[in-house]
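Read through the structure below, which is laid out as structure tokens, and then see the notes.
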């Protein structure tokens, strides 16, 4: 399981405030399809919110720990029935993005209608 510094956790909490839940865990608990959806959400967004429909507080705490351990993610926040988890994107995808961005051509200046009038 990933660990975060206090400052990084505070920043992630602020970012997560405006997010909507990616997945909802019902009374059946963690299924394979739910875990796949959470993994997909973390792969594309890094920071996700999960809504849990279980009333028992102890069960929610164990679900939160289990999700983070299986997905190798960090626990950011647990408020009531909402979990926020974080997993940084793999470095390989970041390297590919950097290569693509550096190869972009510079954009030509756009002349406006007013520039032709002078």
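Report, by residue number, each residue of region 35-58 that is surrounded by 13 or more Cβ atoms within 10 Å (Cβ to Cβ) and part of a helix (DSSP H, G or I). Passing the criteria: 35, 37, 38, 39, 40, 41, 42, 43, 45.
For region 9-34, the set of residues classified as in a helix (DSSP H, G or I) and under 14 Å from the mean Cα position of the chain (by Cα) consists of 9, 11, 12, 13, 14, 15, 16, listed by residue number.
No lab work stands behind these numbers, since they all come straight from the coordinates. Note that the coordinates shown come from a computational prediction; the quantities given were computed from them, not determined experimentally. Reconstructed Cβ throughout: ideal geometry from the backbone, glycine too, with neighbour counts over all protein chains shown.
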